[in-house]
Amino acid sequence: MKELSIPDKVLSLECLLRRLPETHPRYPEVQADYARFLKGYRGEKAVKYYLDFLSDKKYCLFHSLRLPSGKYHFQVDYLIITSRYALILECKNFFGTLFFDETFNQMIRTANEKEEGFQDPISQAKWHQQQLKNWLHSHHISLPIDYFVVISNPSTIVKTTPQNRQALKKVIHGHSLLNKIAEMDQMYRTEILDSRGMRKINKQLMRSHVEEKFDALGKYSLKTNQILTGVQCPECGQIPMIRHRGKWFCSSCGVKDKNAHASAVQDYFHLVNETITNKQFRDFVHLESEDTAKRLLNAINLPTIGTNKGRKYLKPRG
């Protein structure tokens, strides 16, 4: 129902890393956040491999669904809807050894002789379970909700005490997921939703989903004039390329490219604004000709609003 896709914050931080000078004091922080977000996405992608074996006639899958909860929102890595139950999957992509501490509701990771504490993903999944229950109730839907914490890295060692029954039952490796879902099918045998009810809940979930807005510059207190403008060379990464005889020319490696400006427009959408005018495009890619800018923007086939001088080109959706 909602396909796996690269999160907007990962794409935005990729753009920022390309355009923020490496000497900038916030660069290491951006780099670390990018690595963390990308690692999370790769973990979700690894789990998706197993989910692809589920029948789409019995299971409806939503990736990264973000639903309203009072004044706030909650987001689940994966939500599986069946006619008998709903299942939340909280994915974690850690290496090393994980210890689930029931006393302090904490997950402790040991790797490279270093010990770190993290928020307990079991508590996180239970909180999402409660929020989803409230959301279903508000839409007059009654459906049992269960959850698993899925460790995507097969080499990660998971430990807890024999008394921590919750961790023993709810924390699993990705390769165990299909077996656990089969157990859920045996546990929840009562059909609650017919085909019409399934269509209703799936449509309502998609209608209620709210995309998360990620302001990369704002997050790191950066101004537009602190990032590098210009077209980036697709070969060596040099910024800016020079417009010469209908092509973009890289003075560093000598590469010529007709369409290198398209990537610059995407960077602008991710970092500056979700709309761009002819003037803003010219300023960003270092062009003088209004006619050339118009021709290049039209060639990208972006959606537009307005006409003539008031025309704005829009960031594509989806």
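Tabulated data for the structure shown
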read-out: Single residue of Phe118, Phe94 found to be buried (at least 19 other Cβ atoms within 10 Å of the Cβ), closer than 19 Å to Arg42 by Cβ and either hydrophobic (A, V, I, L, M, F, W, C) or under 25 Å from the mean Cα position of the chain (by Cα) (or both); value: Phe94
read-out: Verdict on Ser252 being part of a loop (DSSP other than H, G, I, E, B) and more than 23 Å from Ser12 (Cβ to Cβ); value: yes
read-out: Residues of the range 47-91 satisfying the condition of being small (Gly, Ala, Ser) and either assigned to a strand (DSSP E or B) or buried (at least 21 other Cβ atoms within 10 Å of the Cβ) (or both); value: Ser64, Ser69, Ala86
read-out: Residue in the range 13-27 that is farthest from Ala216 (Cα to Cα), counting only those that are of a type outside the set (A, V, I, L, M) and in contact with a Phe, Trp or Tyr (Cβ under 8 Å, 6 or more places away or on another chain); value: Pro21
read-out: Residue in the range 121-132 that is touching a residue at least 40 places away in the same chain (Cβ under 8 Å) and open to solvent by 30 Å² or more (accessible area, probe 1.4 Å) present; value: yes
read-out: Filtered residues of the range 1-12 (kept if within 20 Å of Cys91 (Cα to Cα) and touching a Phe, Trp or Tyr at 6+ places or on another chain (Cβ under 7 Å)); value: Met1, Lys2, Ile6, Pro7, Asp8, Lys9, Val10
read-out: Among residues of the range 153-181, those that are hydrophobic (A, V, I, L, M, F, W, C) and open to solvent by less than 50 Å² (accessible area, probe 1.4 Å), counted; value: 5
read-out: Residue in the range 38-46 that is open to solvent by 10 Å² or more (accessible area, probe 1.4 Å), aliphatic (A, V, I, L, M) and part of a loop (DSSP other than H, G, I, E, B) present; value: no
read-out: Sole residue being at pLDDT 95 or above and more than 30 Å from Ser221 (Cβ to Cβ), chosen from Phe269, Phe249; value: Phe249
read-out: Positions within the range 128-140 being farther than 14 Å from Arg66 by Cα and under 20 Å from the mean Cα position of the chain (by Cα), in sequence order; value: none
read-out: Residue match in the range 138-146 (condition: at pLDDT below 95, part of a loop (DSSP other than H, G, I, E, B) and closer than 30 Å to His261 by Cα); value: no
read-out: Number of the exception - Gly237 against (1) under 22 Å from Lys315 (Cβ atoms); (2) open to solvent by less than 50 Å² (accessible area, probe 1.4 Å); (3) within 31 Å of the chain's Cα centre (by Cα); value: (1)
read-out: Looking only at the range 211-225, and only at residues there that are open to solvent by 80 Å² or more (accessible area, probe 1.4 Å) and part of a helix (DSSP H, G or I), the one that is farthest from Ala32 (Cα to Cα); value: Asn225
read-out: Residue within the range 202-209 that is more than 30 Å from the chain's Cα centre (by Cα) and surrounded by 15 or more Cβ atoms within 10 Å (Cβ to Cβ) present; value: no
read-out: All positions within the range 255-277 that are assigned to a strand (DSSP E or B) and either within 14 Å of Tyr313 (Cα to Cα) or open to solvent by less than 30 Å² (accessible area, probe 1.4 Å) (or both); value: Thr275, Ile276
read-out: From Glu288, Glu235, residue being among the acidic types (Asp, Glu) and touching a residue at least 12 places away in the same chain (Cβ under 8 Å); value: Glu235
read-out: The listed residue being more than 28 Å from the chain's Cα centre (by Cα), within 20 Å of Thr224 (Cα to Cα) and in a helix (DSSP H, G or I), out of Asp291, Asp283; value: Asp283
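The values are calculated or read from the model by the stated rules, or taken from the named source; none is laboratory data. Everything quoted here is computed from the prediction, not taken from an experiment. So basically every Cβ, Gly included, is an ideal-geometry build from the backbone, and we count neighbours across all protein chains shown. The area values use the complete protein model at the heavy-atom level, side chains included, leaving out ligands, DNA and RNA. Shrake-Rupley method; radii C 1.70, N 1.55, O 1.52, S 1.80 Å.
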